[in-house]
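Derivation of every value follows stated rules applied to the coordinates shown; laboratory data play no part. Since this is a predicted model, take the numbers as computed values, not measurements. Backbone-built Cβ (ideal geometry, glycine too); neighbour counts: all protein chains shown.
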Amino acid sequence: MSSALGASVDSRPTVLVSRRLLAAGMVRLAGSCEVVEGGLDATPERLCELAPGADAIVADPTVAVDERLLDAAGPQLRIVANFAVGHDNVDVEACTQRGVLVTNTPDVLTNATAELALALTFAAARRMSEAEADLREGRWTGWDPQAYLGLELSGASFGVVGMGRIGQRYAELVAGFAGEIVYASRTPKPEVERELGALRLGLEELLGRADVVSLHVPATDETAGLIGRDEIARMKPRAILVNTARGPLVDAAALAEALGEGAIGAAGLDVYEHEPQVPAGLLEAPRCVLLPHIGSATTRSREAMARLVADNVLAALGGSEPPNRVS
Ligand code: NAP
């Protein structure tokens, strides 16, 4: 590996790994490319310094791939390979205008993310964060028949918003609770309806019916603020909101307020609009489980994502169709 792209001494293509990539991907890239890593603390300015001459950029959800970075890289740039399935951090249109391919890492993180949504469902339903915090901080004074009463998931109504890969896997996992599965999606999913007995509803109806609402749509202009004050008000007073998709889908201030007023049962969140900042209202809100964007964070998933990123880069640089082209 060279220390800067411009320092490459051979004719191998150069890859800028914006922040960090697991060894499973680095090994594949380093076999035939010059690779530069920005490091976990790489600022947008630092990335613009490193980008000139890059043939490929590996990005992740924290890296804004915008016109500035694309221009800094230069006209030889062939691919932006995102280490994520969501690609709201990438200006896809600007890439397309410059003839730059964009790829993502679907499928290999579906199980991990759906499992985390289920974990958040459990944790929020049974108030695990506050119960554990009380225990650790010395506030547990003994068994209390009325303490930490939560929602029993068996027989509950599960509302899946966005019945794509992760939404479907989540639906499969919660099907074991023998309740009902309702879903809101742009297009009907007859297979899921057939296999899981899921019922497609409009979002408003789903919100009024589900005990658990789990979000699985991408962050787009259309889905920004999907769950705002009005939508939260439509939810049952004991319902749980789970968000492992993207922060901008939910009005965090409205959610914090609803939790504070007891207008909603609980929330389990993995993602926030301006990560790594977490709105103070959510940090202070009761019955709110907060995780630091770890949806795909299993060894199996992250290693597979790293391999996929490398495969996409190597395909594009080799002149063939990358396996996970977004545009
Ligand atoms: P996917 O297979 O593309 O599924 C997305 C689903 O959302 C599709 O079913 C799509 O409907 C639906 N959808 C899109 N726009 C919609 C709208 N405006 N209204 C209603 N439904 C809409 O994607 P995925 O692999 O399941 O991933 C989903 C999202 O999860 C990603 O975009 C990412 O943001 C997030 N994610 C987070 C983590 C994490 O670490 N927390 C990890 C992985 C993924 P159609 O089927 O009709 O197109």
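For A131, neighbours were defined as the other residues whose beta-carbon sits under 15 Å from its Cβ, and their charges (Lys and Arg +1, Asp and Glu -1) total 0. Relative contact order of the range 233-327: 24 percent, from C-alpha pairs under 8 Å at least 6 residues apart in sequence.
Pull out a ≥ b ≥ c, the square roots of the eigenvalues of the alpha-carbon gyration tensor of the range 179-327, then state rounded if a/c is under 1.5, prolate if not and a/b is larger than b/c, and oblate in the remaining case. Here the range 179-327 falls in the oblate category.
The three principal axes of the C-alpha atoms in the chain carry coordinate ranges of 71, 49, 32 Å, sorted with the longest axis first. Label the range 25-99 by shape, choosing from rounded, prolate and oblate, from the square roots a ≥ b ≥ c of the eigenvalues of the Cα gyration tensor; if a/c is under 1.5 it is rounded, and otherwise prolate applies when a/b is larger than b/c, oblate when it is not. Because its axes are fairly even, with a/c under 1.5, the range 25-99 counts as rounded.
Between V65 and V90, D91, the built amide H atoms are under 5 Å apart, and every one of these is 5 or more places off in sequence or on another chain. The relative contact order of the chain comes to 19 percent, based on Cα pairs under 8 Å that sit 6 or more residues apart.
Rounded to the nearest 10 degrees, the inclination of helix 165-174 to the longest alpha-carbon principal axis of the chain is 30 degrees. For the range 248-327 versus the range 80-98, the spacing of their alpha-carbon centroids is 16 Å.
Derived scalar couplings between HN and Hα for the range 211-217 equal 7, 10, 10, 10, 9, 9, 9 Hz in order, rounded to whole Hz, by the Karplus curve 6.51 cos²θ - 1.76 cosθ + 1.60 (θ = phi - 60°), x for Gly and Pro. Net charge of the neighbourhood of L206, taken over other residues with C-beta under 15 Å away and scored Lys/Arg +1, Asp/Glu -1, is -1.
Using a cutoff of 8 angstrom between alpha carbon atoms and counting only pairs six or more residues apart, the relative contact order for the range 32-130 works out to 21 percent. Amide H to amide H distances under 5 Å link L199 with I181, V182, Y183, where only residues 5 or more positions off or on other chains count and H is placed in the peptide plane. Express the Stokes-Einstein translational diffusion coefficient of the range 142-234 in µm² s⁻¹, to the nearest whole number, given a Kirkwood radius over alpha-carbon pairs, 25 °C and a viscosity of 0.890 mPa s. It diffuses with D of about 174 µm²/s by this estimate.
A simple rule links phi to the HN-Hα coupling: the Karplus curve 6.51 cos²θ - 1.76 cosθ + 1.60 with θ = phi - 60°, which for the range 233-247 gives 5, 6, 6, 4, x, 9, 6, 10, 10, 10, 10, 10, 8, 8, x Hz, with x for Gly and Pro.
Working note: 222 nm ellipticity from helices only, DSSP H runs with n ≥ 4, each -39,500 (n - 2.57), summed and divided by the residues of the chain, gives -10000 deg cm²/dmol to the nearest 500. Among H293, H216, sorting on how many other beta-carbon atoms sit within 10 Å of each Cβ, with the fewest leading, yields H293, H216.
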